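Quick notes on the structure that follows.
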Amino acid sequence: MPSLTSTRRIATRMGDLGTESAFEVSARARALEAEGRSIIHLQIGEPDFDTPAHVREAAKRALDDGATHYAPFPGIPPLREAIAADVTARKGFVADPSQVFVTVGGKGVMLYAILGLVDPGDEVIVPDPGYPIYESLTRFVGATPVPIPIRMANEFRLDVDELAALITPRTRMLFVNSPANPTGGVLTRSDLERIAALAVEHDLWVVADEIYGRILYDGAEHVSIASLPGMAERTIVLDGFSKTFAMTGWRLGYAIVPPELVPTFGQLIINTISCAPTFVQVGAVQALTGPQDDVDAMVVEFRTRRDLVVAGLNDIAGIRCATPVGAFYAFPSIAGTGLQGQEFADRLLAEAGVCVLSGTAFGGVGTEHIRISYANSRDNLTEALDRIATFVAGLGAG
């Protein structure tokens, strides 16, 4: 008789693939809500605004006009042209439509950059704390993520001298995220010039995650590292529509790649997604070329919420919060409460009904931090701050 022993198994590489904690924590929060608990959601990096009406209308018209078929694998020409024009105007370097690849979300850009350029045994320098998918995908291809610490004491900007010390002959790629998730930190022009010099000196590829590039406060300048001398030919710029235009559910990102990587990205897109949805791309053209009033108003509102959250957190004994310069996150230290980030986040959800993320979801430097998304209403943020203050006061009383 044939053996009953199964030869089916999960691929070994799956053990190297991480996750994004926000989605797992959200599931726990929704389970509590289903039990009748009041939960304030401060865990998800998603604007609470609607996609601008003119974008929605353009996509609906596209459906009615029959835009339900395959698009060209790099993206529809009007969108690639609009992206190239917007990049040239806003990011300080000239982009040709032939360098634009439209992807299903920004994660696709990360995946294609790592798959196309990083071999097993290579090293990739990633921010810590930083978006966890950088590290996860690096491990997935058999390479080694090397964390560069991002500390509150340095305004959540990396120390370029420390970065230089981490570069070895095996270093292949560097991720730069400014404005940053989870800290809201923004690298200065001087920081980026020094990082660029290291990239040129050591012949590194750079992935510049600029998804929050238009969400800036207090006159802060967004500098694309690709605009600096010697960098356009070694930088993959990642951007998209989720954050700027409140289009998270539309799942549309894009890459600007050096000409020599055009065949690589094209091959990877053909082998994975074929193309991004056509009608979504039509809507995105309107996002870039239509009125920008909704974007500007959203950023103004985010700044007001930022100030509310930072002031409220700093009024709570045991919590210290730096003022974010961009994005819509705060990354306070909760070391003074006597708890570390994971226990603080777990107990805050269970006992106070406020859902945040532990700083360790973004790397080891975040052990004594939590991440708060202030992409929520002022009323909810005020209530959350009250609940956090009561929770922390209870820790002292205990």
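The values are calculated or read from the model by the stated rules, or taken from the named source; none is laboratory data. The model shown is predicted, which means the values in this text are computed figures rather than measured ones. Neighbour counts are summed over all protein chains in view; Cβ atoms, including those assigned to glycine, are modelled from backbone coordinates with ideal geometry. Areas reflect the complete protein model, heavy atoms only, side chains present, ligands, DNA and RNA absent. Shrake-Rupley method; radii C 1.70, N 1.55, O 1.52, S 1.80 Å.
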With +1 on the Cβ of every Lys and Arg and -1 on the Cβ of every Asp and Glu, the dipole magnitude of region 226-371 about its Cα centre, in debye rounded to the nearest 20, is 120
Farthest towards the positive end of the dipole of region 307-398, among ILE372, PRO324, VAL354 and with Cβ unit charges of +1 on Lys and Arg and -1 on Asp and Glu, lies the Cα of PRO324
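When you count, for each residue, the other Cβ atoms within 10 Å and take the mean per peptide, how do 367-375, 86-94 rank with the highest first?
On the way: 367-375: 25.2, 86-94: 15.6.
Top to bottom by mean Cβ count within 10 Å: 367-375, 86-94.
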Once all protein chains are kept in place, CYS275 shows an accessible area at probe 1.4 Å, nearest 10 Å², of 20
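Using a Förster distance of 35 angstrom, determine the FRET efficiency expected from the C-beta separation of GLU57 and LEU395, and round it to 0.05.
0.10
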Taking the alpha-carbon centre of each part, the distance from region 305-320 to region 16-76 in Å is 29
The chain: antiparallel bridges as % of DSSP beta bridges, rounded to 5, reads 45
When the charge dipole of the chain is computed with +1 at the Cβ of Lys and Arg and -1 at the Cβ of Asp and Glu, the Cα pointing farthest to the positive end, of GLY240, VAL223, ALA84, is that of GLY240
Amide H neighbours of VAL354 at under 5 Å, excluding residues fewer than 5 places away on the same chain, with H built from the backbone geometry, are ILE40, LEU349
extent check for region 1-93: Cα max minus min per principal axis, descending, whole Å, gives 63, 48, 37
Toy charge model, Lys and Arg Cβ at +1, Asp and Glu Cβ at -1: the chain dipole around Cα centroid in debye, rounded to 20, equals 720
Shape descriptor, region 126-256: equivalent ellipsoid semi-axes (Cα gyration tensor, sqrt 5λ, whole Å, largest first) stand at 22, 18, 15
The set of residues whose placed amide H lies less than 5 Å from the amide H of GLY75, leaving out same-chain residues fewer than 5 positions away, is VAL102
Everything considered on the Cα gyration tensor (a ≥ b ≥ c; rounded for a/c under 1.5, else prolate if a/b is larger than b/c, else oblate), the chain must be described as rounded
Karplus ³J(HN,Hα) for region 93-110 (6.51 cos²θ - 1.76 cosθ + 1.60, θ = phi - 60°; Hz, whole; x = Gly/Pro) runs 9, 7, 10, 9, x, 5, 8, 9, 10, 8, 10, 7, x, x, 4, x, 5, 4
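Could you sort PHE279, PHE156 by accessible area so the largest value comes first, with the probe set to 1.4 Å? Walk me through the numbers on the way to the answer.
Numbers: PHE279 70, PHE156 20 Å².
Correct descending sequence by accessible area is PHE279, PHE156.
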At the level of C-alpha centres, the distance separating region 84-163 and region 225-269, in angstrom, is 10
The correct ranking of VAL295, VAL300 by accessible area at 1.4 Å, largest first, is VAL300, VAL295
Phi-derived 3J(HN,Hα) across region 366-372 with the Karplus relation (6.51, -1.76, 1.60, θ = phi - 60°), rounded Hz, x for Gly and Pro, is x, 3, 9, 10, 10, 10, 10
Under a 1.4 Å probe, counting only protein heavy atoms, ARG320 has an accessible area in Å², nearest 10, of 140
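In whole percent, what relative contact order does region 247-350 give with Cα contacts below 8 Å and a gap of six or more residues?
Working: 51 pairs, mean separation 14.9, N = 104.
RCO, region 247-350: 14 percent.
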Treating only Lys and Arg (+1) and Asp and Glu (-1) as charged, each at its beta carbon, one finds that region 79-236 has a dipole about its Cα centre, in Debye to the nearest 20, of 320
Taking placed amide H atoms and a strict 5 Å upper bound, the residues 5 or more places from THR244 or on another chain that come that close are none
Among LEU187, TRP250, MET298, the residue whose Cα sits farthest towards the positive end of the charge dipole of the chain, when +1 is placed on the Cβ of each Lys and Arg and -1 on the Cβ of each Asp and Glu, is TRP250
